[in-house]
Amino acid sequence: MHMNNLKKLEELAMLIRYYILMSSTEAGSGHTTSSLSATDLMTTLVFGGFYKFDLRNPELLNNDRLIFSKGHASPLFYSLFAASGEISEQELKTFRKFGSRLEGHPTMSFPFTEAATGSLGQGLSVGVGMAINAKYIDKVSNKTYVLLGDSEIAEGSVWEAIQIATYYKLNNLVGILDVNRLGQRGETMYGHNIKAYIDRISGFGWKVISIDGHSLIQIKSAFENIKNTTTPVMIIAKTIKGKGVSFLEDKDNWHGKVLNAAELEKALKELGKIDSSIRGKFISPQKLKTKNLKLNTKLQNLKLNYSIGEMVATRKAYGGALVRIYPQIPQMVVLDAEVSNSTMADIFKKIYPERFFEMFIAEQNMVGVALGLSRRGKIPFVSTFAAFFTRAFDQIRMSQYSKANIKFVGSHGGVSIGEDGPSQMGLEDIAMFRTILQSTIFYPCDAVSTEKLVEQAAAHEGIVYIRTSRKDTAVLYENDEKFPIGGSKVLRSGKNDAITVIGAGVTIHEALSAFEKLKAMGTLIRVIDLYSIKPLDIDTLKKASKDTKAIIVVEDHYPTGGIYEAVCAALSQTGSKIYSLAVKKMPRSGKPSELLEYEEISSDAIVKLVKKII
């Protein structure tokens, strides 16, 4: 390294340490010591000529990507941009204050944040998604860098990401592991045992480079040695937590704590003279002629060919829908967790294998990868059994803070899957996705509604959950029927309806069967297919509550957080009598019909409750 360049990096690192200390003390909270340990690593990466990023065009296809998986090191993250002159020292003083775009952990309020982080163990998965996108979809030569903390390496999702990165030969992915020894409450699992990290990560097929994380020469050498690798790279850097301030260095009980005014003054004296006028420069990548693909929200001539009464599982219709709409939506990509022959995503895989990515049985990583793809402008359809999304709920929860555009598809919803038993039954999934602030939830009952709702999901910006079913169900709708977001379908209705029965998915077919049985007894009911669970068709629900004596909600889901509670909330001001038929007994194995009867969500159970009410 040229001595002048080395001196400038040293001066920039000192300036960044000053910014970290100043901004966190001003905020009165933050993670000062965790930021100081990685300062030399990030200063060299960003200002040493390695990281290529056009500040004027953050969405440029071949920009390098930098993800702070250890999102609590946000004082360092923001200080990098202050050292480039992109944000002012004055703005740094707004760190963590209400209304500031410099939030406690990076969010999309700050325009250079690649993905919201802070829940540890997720950034590497997001990086895998971005690296897959660059290598296999956009086919550009940028790199994705992920700063990891040694504490978060205990998370299983990190190892899921490490493993899949090797499988997909992501030689454009670089992890930077900040091994500063100390976690929140003491020493990490391996402390400064660098060999433990080398053995484990290299054992997964990564190229490993071990360095002193405070030696600018060693750091520069590490980044130079990743240019022609054929595998993912992990730079394992031995660092000191609180580096640069003697009374903080390698000291316990400073995690998440900041200096007071007197301590700050003492620390700044140790740093010495700071050149506040010096600025680092972000180097832009070479310009590309390739442009981001524009989303086509008006799908044309996508005709269906189902017949009324035809028996088709909604999960199968999902796979067919993907194949049908992909030619008009080139941003689509499909991920599955090694159950594609059950979710029926393999219908898409067989025809468009270049846009299908097998994530194996690692749902947490799958969701993180989907977020990485989404952040790079793709539209991921992500499928597994509805039950198994629950283990990835943190990743799903975090994706909303990154403005994710992901379509989750959970098959095998409810007890109607039959003999496989409760471990495979999605019975909490609707509740889970309802809690996501701006999510959309669809629960189709037949092949036509499934296909049309897949179209709606693809064209809708944001998080969408589609619940599909295992068993074959009869086609109810004509091929040209429309299914707008927030709508419903009144399937049976008359002026003498006594009760309204609301169902979705498999329970619609039970409700229609109950209609025929009750009609033969001289009782008429209204039947509503509530295919859009979030948002709800409130107008139709209010009309039903006004026209009929009571409402029965029948769902193949646990009562808590399900469709019944959604309907109750929507009609809370109407004084409606609303009854719940849901999965209220401990589920077990059996035939679908037996289980619907056992849980009292069958047509006979509906008939029984209607007769009791009237």
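The values are calculated or read from the model by the stated rules, or taken from the named source; none is laboratory data. Remember, it's a predicted structure, so these values are computed and weren't measured experimentally. Here the Cβ is made from the backbone with ideal geometry for all residues, glycine too, and neighbour counts use every protein chain on show.
Observations on the model:
- Filter result for Glu103 (charged (D, E, K, R), touching a helix residue (DSSP H, G or I) at 6+ places or on another chain (Cβ under 7 Å) and farther than 22 Å from Val367 by Cα): no
- For the range 39-57, the count of residues that are surrounded by fewer than 17 Cβ atoms within 10 Å (Cβ to Cβ) and within 25 Å of the chain's Cα centre (by Cα) is at least one.
- For the range 191-205, the criterion of a residue being in contact with a helix residue (DSSP H, G or I) (Cβ under 6 Å, 6 or more places away or on another chain), more than 15 Å from Leu373 (Cα to Cα) and either outside any helix (DSSP H, G or I) or free of Cβ contacts under 8 Å to residues at least 60 places away in the same chain (or both) is satisfied by at least one position.
- Looking across the range 110-128, the residues that are among the small types (Gly, Ala, Ser) and surrounded by 24 or more Cβ atoms within 10 Å (Cβ to Cβ) come down to Ala115, Ala116, Gly121, Gly123, Ser125, Gly127.
- In the range 502-524, the qualifying residues are those that are among the hydroxyl-bearing types (Ser, Thr, Tyr) and part of a helix (DSSP H, G or I), and the one that is surrounded by the fewest Cβ atoms within 10 Å (Cβ to Cβ) is Ser513.
- Thr43 meets each of the listed conditions (1) on the phi < 0 side of the Ramachandran plot; (2) not in a helix (DSSP H, G or I) apart from (2).
- In the set Ile351, Ile283, Ile308, only one residue is modelled with pLDDT of 95 or more and touching a helix residue (DSSP H, G or I) at 6+ places or on another chain (Cβ under 8 Å); that residue is Ile351.
- When residues of the range 592-614 are limited to those that are part of a helix (DSSP H, G or I) and of a type in the set (Val, Ile, Thr), the one surrounded by the fewest Cβ atoms within 10 Å (Cβ to Cβ): Ile613
- Top-ranked residue in the range 582-591 [being surrounded by fewer than 18 Cβ atoms within 10 Å (Cβ to Cβ) and without any contact (Cβ under 8 Å) to a residue 40 or more places away in the chain; ranked as nearest to Val527 (Cα to Cα)]: Lys584
- Criterion: surrounded by fewer than 20 Cβ atoms within 10 Å (Cβ to Cβ), outside the structural domain of Asn365 (by TED's automatic domain parsing) and within 19 Å of the chain's Cα centre (by Cα) - qualifying residue of Thr94, Thr107: Thr107
- Residue check for Arg375: within 14 Å of the chain's Cα centre (by Cα) and without any contact (Cβ under 8 Å) to a residue 40 or more places away in the chain: no
- Complete set of residues in the range 433-455 that are part of a loop (DSSP other than H, G, I, E, B) and within 21 Å of Ala115 (Cα to Cα): Thr435, Ile436, Leu437, Gln438, Ser439
- Within the range 527-564, restricting attention to residues that are among the charged types (D, E, K, R) and surrounded by fewer than 20 Cβ atoms within 10 Å (Cβ to Cβ), the residue that is farthest from Asp497 (Cα to Cα) is Asp539.
- When the criteria are applied in full, Ala520 fails the requirement of being in contact with a helix residue (DSSP H, G or I) (Cβ under 7 Å, 6 or more places away or on another chain) and either of a type in the set (Gly, Ala, Ser) or over 18 Å from Tyr443 (Cα atoms) (or both).
- Selection within the range 124-144 - in contact with a helix residue (DSSP H, G or I) (Cβ under 8 Å, 6 or more places away or on another chain) and under 17 Å from Met359 (Cβ atoms): Leu124, Ser125, Val126, Gly127, Val128, Gly129, Met130, Ala131, Ile132, Asn133, Tyr136, Ile137
- Qualifying strands (runs of 3 or more DSSP E) (wholly inside the range 321-432; at least 1 residues being in contact with a Lys or Arg (Cβ under 8 Å, 6 or more places away or on another chain), among the small types (Gly, Ala, Ser) and within 18 Å of Ala457 (Cβ to Cβ)): 407-411
- Of all residues in the range 154-175, those that are closer than 17 Å to Ile67 by Cβ and among the charged types (D, E, K, R) have Cβ atoms under 7 Å from Cβ atoms of residues that are at pLDDT 95 or above and part of a loop (DSSP other than H, G, I, E, B), 6 or more apart or on another chain, in Glu155/Leu120; Glu155/Gly121; Glu160/Ala362.
- Per this entry, Tyr579 is not counted among residues that are in a helix (DSSP H, G or I), in contact (Cβ under 8 Å) with a residue 12 or more places away in the chain and either among the aromatic types (Phe, Trp, Tyr) or not assigned by TED's automatic domain parsing to the domain that holds Lys546 (or both).
- Every residue from the range 134-170 that is within 19 Å of Val333 (Cα to Cα), part of a helix (DSSP H, G or I) and either within 16 Å of the chain's Cα centre (by Cα) or of a type in the set (A, V, I, L, M) (or both): Ala134, Ile137, Ala161, Ile164, Ala165
- You will find that of Ile235, Ile226, the residue that is surrounded by 14 or more Cβ atoms within 10 Å (Cβ to Cβ) and in a loop (DSSP other than H, G, I, E, B) is Ile226 and no other.
- Hits in the range 199-231 (condition: aliphatic (A, V, I, L, M) and within 18 Å of Ile164 (Cα to Cα)): Ile201, Val208
- The number of residues in the range 51-89 that are of a type in the set (S, T, N, Q) and not in a loop (DSSP other than H, G, I, E, B) comes to 2.
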